[in-house]
Amino acid sequence: MKILLALLLLSATAAFGQTQAEMNQQAAADFRKADTQLNAIYGKVKAALDAEAQEKLKVAQRAWITFRDAEADLQADATARGGTMAPCIYNGVRQQLTETRIEELKALLEQLAQ
């Protein structure tokens with residue numbers, strides 16, 4: 001499973017860069033794009049909540065970010081400890097988890113609109 005994930009990440013980024021350094025840079029840029037989208041939807045959800053719920057969202061989001069980064073660190077370490085591919089895996093996992101979180105927050109926002 002870990003090797004499959006690594007191969008998928010590398011093949012997904014290979015179209016954008018030829019060297020491992022370029023792939024690592026592209027993976028970091030892809031993560032930053034997803035993180036920007038996450039921050040936008042987070043702001044929309046926060047605006048739809050009262051003060052008490054905003055505080056709960058903040059606590060949940062901080063815990064989720066801690067989980068996301070720890071999970072990405074685990075996956076990168078388990079797949080490519082100390083290797084040049086590790087940053088690509090780390091950022092690829094963070095991107096994937098961030099995109100999932102975006103969908104979760106979009107669903108919450110839709111729920112709040114009802």
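Bear in mind that the values in this text are calculations on the coordinates, not laboratory data. Please read all numbers here as calculations on a predicted model, not as lab measurements. Don't worry about glycine lacking a Cβ; one is built from the backbone with ideal geometry, like all the others, and counts go over all protein chains shown.
Applying a threshold of 6 Å to beta carbon distances and a minimum spacing of six or more residues, or different chains, the list of pairs starting in the range 95-114 at a residue that is closer than 17 Å to THR36 by Cβ and touching a residue at least 40 places away in the same chain (Cβ under 8 Å) and ending at one that is surrounded by 13 or more Cβ atoms within 10 Å (Cβ to Cβ) and small (Gly, Ala, Ser) reads GLN95/ALA34; THR98/ALA34; GLU99/ALA34.
Among the residues of the range 37-89, those identified as in a helix (DSSP H, G or I), under 21 Å from LEU108 (Cβ atoms), of a type in the set (A, V, I, L, M) and in contact (Cβ under 8 Å) with a residue 24 or more places away in the chain are LEU38, ILE41, VAL45. Criterion applied to LEU105, LEU74, LEU57 was being loosely packed, with under 14 Cβ neighbours inside 10 Å, over 19 Å from ASP30 (Cα atoms) and among the aliphatic types (A, V, I, L, M), and the one residue passing it is LEU74.
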